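Asker: Can you read through this structure? Questions will come right after.
The values are calculated or read from the model by the stated rules, or taken from the named source; none is laboratory data. Just so you know, these numbers come straight off a predicted model, no measurement behind them. All Cβ positions, glycine included, derive from the backbone under ideal geometry; neighbour counts span all protein chains shown. Note: areas computed on protein heavy atoms with side chains; ligands, DNA, RNA excluded. Shrake-Rupley method; radii C 1.70, N 1.55, O 1.52, S 1.80 Å.
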Amino acid sequence: MTKQLRSVDVVLVGFGWTGAIYAEKLTAAGLEVRAFERGPWRDTPGDFATTFAQDELRYYWRHGMFQEASQATLTFRNNGAQTALPMRHWGSFLPGNGVGGAGVHWNGQTYRFLPSDFEARSHNEDRYGPLPEHMTVQDYGVTYEELEPHFDYFEKICGICGQAGNLNGRTVDGGNPYEGPRSDDYPNPPMQMTFSQDRFAASARELGLNPFPVPSANMSRAYVNPLGLQLAPCTYCGFCEKHGCGNYSKSSPQTTIIPVLMQRPNFSLLTNSEVLRIEKSADGSRTTGVTYVDTSGDTYFQPAEMVVLCAYPLENTRLLLLSQIGEPYDPRTGEGVVGKNYCYQVMSSATVFFEEEFTNGFIGAGALGMVADDYNGDNFDHSGLGFIGGGYIACHTTNARPIESHPVPDGVPRWGSKWKRAVRENFLKTTSVGVHGASMAHRSNYLDLDPTYTDAHGRPLLRMTYDFTLNDRRLTQHLTPVAEQIARGMGGREVKVNDRRGSYDSVPYQTTHNTGGTIMGADPATSVVNRYCQSWDCPNLFVAGAGLFPQNAGYNPTGTVGALAYWSVDAIINQYLRQTGPLVQT
Amino acid sequence: MSLQTRRRVLQFMLLGSTAFAAPRGLFAAEYGRGKGMPWSPLKGETPYYGTNDDRFFSPAERETVAAICARLIPSDSDGPGASEADVVTFLDRQMAGFYGRGQHWYMQGPFGEGTATQGYQSEHPPAMLYRLALAELDSYCRTENGYPFVDLPAETQDEILTGLDEETIEFKGVSAKAFFDLILKNAVEGFFADPIYGGNRDMIAWRYIGFPGTRYDYRDFVGHGGAAVRLEPVSLMGRPGWNRS
């Protein structure tokens, strides 16, 4: 039997970056906030202290901080003609689990999307004419200018280390000349670069490109954020992505927000408590709270005046579908919205093998890198190219964790003496130039509920139907040769090109940048939430995260995820609380 | 899995745990309400690293696995291989633990063959896949070569492993290719993982490739400028000199 609890002002479903952001702002505004996290509590001293955090097997290969696939995974197929099968363990991407979510085990590369990325349909159609049929790219309904103060605040919360390229419209040397105007510089200077970045930058400049330091959430110096929380200088230990930082050097919900939140009497958090359903009023016009289950197997109804979905995009989408909120997307008619415009990221790279020089890749950090944006977004002329969007081209030194990172040149077998020798010869002498490509929405790529497979609670798994599109293929074919050209100019012995061919493969790790499914927009017929991330169907339901992206840009998502959360919570506090109801009239 | 089953699994995990205190990650708990950051000593979950008592393989299976690993990562004039690193002990412990049981994997049916892009679809968790495939390998070798795998010359062993890799040899009831891919992945894990897991003995594989292990501060070396940075490796349990007389 479901037990009913005392009502609270706000329920947050999921407690990673966006949960912490909403909780901090809403409790500061005086509301009683209760957060639900299906995974465990996690903090620096108990869960990833320096004495045991650097464990590649435990955290990456045995999925120490990722969602338990045994509890809930998703099913996958490349197209609607195939039968989707469960991802029995994680591969291509790694959804987070536990307090802090993926914000614990991210790399910390923290970008702002370009102004044109928020207007991907109107901007590109204005410049190049109508987009192809079935390319369901849309505008966000919110502009870069509107988000700018929120980008700025998130960067200050995180203490992002970078070099401005556009301060209030003035171009600054050494930064990204293509970025949208910034109201303020980064709060901290860039990280110290290594040999690989120096070679990359020199080669890129030789080709007329404009390399700049990757905006980093790994600290270049000690920093105190606006909430009074202190971050320590990064030690370049090389155990960043897929690991927690034991040194308080990586911005995460734990290091930048949660300790302040835990002091507030009007905040509570339930861990190992999974929200099963968002409940609705009889007429379906409002949410009334959530039903959740804890580890004893007992279910509870937690009433609330407002619900915010702060889980991973895939789980936010599934919760809406399971709760029957919003029209599910139908790829045959193109109608419906929930599950629409699932997008990913189109990754490729060129590995450089040096003969004499050592890259010493173990001296690294998650966001240690130099990057060029000359082929990102609409920073170059796409006339006659047959695709829109682009990607950044970067040289990161994130790690030399040896199970994961032991590249060998072309032609080397994958086991035996020749392989082993090639690993030894090249382990300390490689680096890589990566292309981080945008992924444009297509009518046939979507998320829905699987008809066959269920989770530990008997609920349908989410089903992903996804393949790279013609736009993706043309994009990667255009950009990968640029990366190769930069790589060839870096002075190595040889270069191996790892291009993106064939269908999307769910097995090898690519990136945990899954977007769409709960997209935002200006029209309830084509989006799940309005420009303030408020449900078109239930005005007291808000959605956070990269699921809001109508398509994915050529950047890591977290900067934009943070800015959208601050933008949305600002609208809740300054508009919605004064007069509850739809913030956009239809 | 029903809730009741889930509860039983949780109870099983607790009872089966070697920890004397309940790992804090297992139960629902409330935090906040102005109480500040929780902290208590010794509440972190310990990794499953296995001990010498954690064995899954029979003696014959263990010999065969060791022989396979010795071909995947050979000991040769260039340096140590899976044998010196004791990769088989790593594998034995892994198969005896949650990984071998597929405890964190989604193992509900129905099971279909799937496309290559859909990944692992065997109905067997890793340990059972090893067991069934090793039996098939044994029977294949006896039929085709007259001897079990361990007694064949290295060149023949390599030919057979190539056959599994390239799918020219197939097993009954279990995918030879799935087994090959898994044991190759696991052998590389055992070679390069921290020595706490039983392989990479004395950090022999790290020393071979020049990886300094779990040192955590390289600030003095960031500006290396392409010169070699040679540092003695350190593991999560320190260095051999620290904990051995």
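Asker: Does A:LEU470 fit the bill of being open to solvent by less than 30 Å² (accessible area, probe 1.4 Å), more than 9 Å from chain B (Cβ to nearest Cβ) and not charged (D, E, K, R)?
Answerer: On the way: open to solvent by less than 30 Å² (accessible area, probe 1.4 Å): no; more than 9 Å from chain B (Cβ to nearest Cβ): yes; not charged (D, E, K, R): yes.
Judged against the criteria, A:LEU470 is not a match.
Asker: Out of A:VAL433, A:VAL408, report the one residue that is more than 9 Å from chain B (Cβ to nearest Cβ), without any contact (Cβ under 8 Å) to a residue 40 or more places away in the chain and crowded, with 21+ Cβ neighbours inside 10 Å.
Answerer: Details: A:VAL433 fails: without any contact (Cβ under 8 Å) to a residue 40 or more places away in the chain.
Result of the check over A:VAL433, A:VAL408: A:VAL408.
Asker: Only one of A:GLY141, A:GLY103 is surrounded by fewer than 24 Cβ atoms within 10 Å (Cβ to Cβ) and more than 10 Å from every other protein chain (Cβ to nearest Cβ). Can you tell me which?
Answerer: Numbers: A:GLY103 fails: surrounded by fewer than 24 Cβ atoms within 10 Å (Cβ to Cβ).
Every option except A:GLY141 fails the conditions.
Asker: If you scan the range B:144-160, which residues turn out to be touching a residue at least 40 places away in the same chain (Cβ under 8 Å), surrounded by fewer than 16 Cβ atoms within 10 Å (Cβ to Cβ) and not in a helix (DSSP H, G or I)? Explain how you work it out, then say what you get.
Answerer: Filtering the range B:144-160 down to residues touching a residue at least 40 places away in the same chain (Cβ under 8 Å) leaves B:148-150, B:154, B:157-158.
If we keep only those that are surrounded by fewer than 16 Cβ atoms within 10 Å (Cβ to Cβ) as well, we get B:154.
None - no residue of the range B:144-160 is touching a residue at least 40 places away in the same chain (Cβ under 8 Å), surrounded by fewer than 16 Cβ atoms within 10 Å (Cβ to Cβ) and not in a helix (DSSP H, G or I), so the list stays empty.
Asker: Could you please find all residues in the range B:117-137 being open to solvent by 50 Å² or more (accessible area, probe 1.4 Å) and among the charged types (D, E, K, R)? Don't jump to the end; show me each part of the working.
Answerer: Pass one, the range B:117-137, residues open to solvent by 50 Å² or more (accessible area, probe 1.4 Å): B:123, B:128, B:131-132, B:135.
Within the range B:117-137, B:GLU123, B:ARG131 qualify.
Asker: Here's a follow-up. All but one of (1) touching a residue at least 60 places away in the same chain (Cβ under 8 Å); (2) farther than 21 Å from A:GLU24 by Cα hold for A:LEU577, so report the exception by its number.
Answerer: (2)
Asker: For the list (1) in contact with an Asp or Glu (Cβ under 9 Å, 6 or more places away or on another chain); (2) within 13 Å of chain B (Cβ to nearest Cβ); (3) open to solvent by 10 Å² or more (accessible area, probe 1.4 Å), I need the number of the one condition that A:CYS234 fails.
Answerer: (1)
Asker: Moving on to the next point. Need pairs with beta-carbon distance below 6 Å; first residue without any contact (Cβ under 8 Å) to a residue 12 or more places away in the chain and more than 16 Å from A:ALA72 (Cβ to Cβ) and within the range B:99-119, second open to solvent by 50 Å² or more (accessible area, probe 1.4 Å) and not hydroxyl-bearing (Ser, Thr, Tyr); sequence gap 6+ or separate chains.
Answerer: That search, which allows pairs on different chains as well, returns B:GLY119/A:VAL507.
Asker: Filter the range B:201-224 down to residues that are surrounded by fewer than 21 Cβ atoms within 10 Å (Cβ to Cβ), among the hydroxyl-bearing types (Ser, Thr, Tyr) and either in contact (Cβ under 8 Å) with a residue 12 or more places away in the chain or more than 28 Å from A:GLN197 (Cα to Cα) (or both), then give me how many there are.
Answerer: 0
Asker: Let me ask something additional. A:VAL435 versus (1) touching a Pro at 6+ places or on another chain (Cβ under 9 Å); (2) outside any loop (DSSP other than H, G, I, E, B): which is the lone unmet condition?
Answerer: With (1) touching a Pro at 6+ places or on another chain (Cβ under 9 Å); (2) outside any loop (DSSP other than H, G, I, E, B) applied to A:VAL435, the lone miss is (1).
Asker: Across the range A:21-72, which residue is nearest to the other protein chains (Cβ to nearest Cβ) among those that are surrounded by fewer than 24 Cβ atoms within 10 Å (Cβ to Cβ) and touching a strand residue (DSSP E or B) at 6+ places or on another chain (Cβ under 6 Å)?
Answerer: If we take residues in the range A:21-72 being surrounded by fewer than 24 Cβ atoms within 10 Å (Cβ to Cβ) and touching a strand residue (DSSP E or B) at 6+ places or on another chain (Cβ under 6 Å), then A:PRO40 is nearest to the other protein chains (Cβ to nearest Cβ).
Asker: Now, a different point. Restricting to the range A:340-359, and then to whatever is open to solvent by 20 Å² or more (accessible area, probe 1.4 Å) and within 23 Å of the chain's Cα centre (by Cα), can you tell me which residue is farthest from A:PHE76 (Cα to Cα)? Step through it out loud before you land on a result.
Answerer: Just the residues of the range A:340-359 that are open to solvent by 20 Å² or more (accessible area, probe 1.4 Å), to begin with: A:347, A:349, A:355-358.
When the remaining residues are screened for being within 23 Å of the chain's Cα centre (by Cα), the result is A:347, A:349.
On the way: A:MET347: 19, A:SER349: 25 Å.
Here the answer is A:SER349.
Asker: Here's another thing I want to ask about it. Is at least one residue of the range A:487-496 hydrophobic (A, V, I, L, M, F, W, C) and under 23 Å from the mean Cα position of the chain (by Cα)?
Answerer: Narrowing the range A:487-496 to residues hydrophobic (A, V, I, L, M, F, W, C): A:487, A:490, A:495.
If we keep only those that are under 23 Å from the mean Cα position of the chain (by Cα) too, we end up with none.
Checked the range A:487-496: no residue is hydrophobic (A, V, I, L, M, F, W, C) and under 23 Å from the mean Cα position of the chain (by Cα).
Asker: Now for a different question. Out of B:GLY173, B:GLY163, B:GLY198, which single residue is touching a residue at least 24 places away in the same chain (Cβ under 8 Å), more than 8 Å from chain A (Cβ to nearest Cβ) and open to solvent by less than 40 Å² (accessible area, probe 1.4 Å)? Give the steps one after another, and end with the answer.
Answerer: Numbers: B:GLY173 fails: open to solvent by less than 40 Å² (accessible area, probe 1.4 Å); B:GLY163 fails: touching a residue at least 24 places away in the same chain (Cβ under 8 Å).
None of the other options fit; the residue is B:GLY198.
Asker: Out of all the residues in the range A:76-91, which are more than 9 Å from chain B (Cβ to nearest Cβ) and either touching a residue at least 60 places away in the same chain (Cβ under 8 Å) or more than 20 Å from the chain's Cα centre (by Cα) (or both)? Can you show your working first?
Answerer: Filtering the range A:76-91 down to residues more than 9 Å from chain B (Cβ to nearest Cβ) leaves A:79-81, A:90.
A:ASN79, A:GLY80, A:ALA81 - these are the residues of the range A:76-91 that are more than 9 Å from chain B (Cβ to nearest Cβ) and either touching a residue at least 60 places away in the same chain (Cβ under 8 Å) or more than 20 Å from the chain's Cα centre (by Cα) (or both).
Asker: Looking only at the range A:245-266, which residues are touching an Asp or Glu at 6+ places or on another chain (Cβ under 6 Å) and more than 10 Å from chain B (Cβ to nearest Cβ)?
Answerer: Once the filter is applied, which keeps residues that are touching an Asp or Glu at 6+ places or on another chain (Cβ under 6 Å) and more than 10 Å from chain B (Cβ to nearest Cβ), the range A:245-266 yields only A:ILE257.
Asker: Output the residues belonging to the range A:210-231 that are hydrophobic (A, V, I, L, M, F, W, C), in contact (Cβ under 8 Å) with a residue 40 or more places away in the chain and either outside any loop (DSSP other than H, G, I, E, B) or crowded, with 22+ Cβ neighbours inside 10 Å (or both). Walk me through it before giving the result.
Answerer: Here is the first cut: in the range A:210-231, the ones hydrophobic (A, V, I, L, M, F, W, C) are A:212, A:214, A:217, A:219, A:222, A:224, A:227, A:229, A:231.
Filter once more, keeping what is in contact (Cβ under 8 Å) with a residue 40 or more places away in the chain: A:212, A:214, A:217, A:219, A:227, A:231.
Across the range A:210-231, the qualifying residues are A:PHE212, A:VAL214, A:ALA217, A:MET219, A:LEU231.
Asker: With the requirement that a residue be open to solvent by 10 Å² or more (accessible area, probe 1.4 Å) and part of a strand (DSSP E or B), what does the range A:324-339 give you?
Answerer: Passing the criteria: A:PRO328, A:ASP330, A:GLU335.
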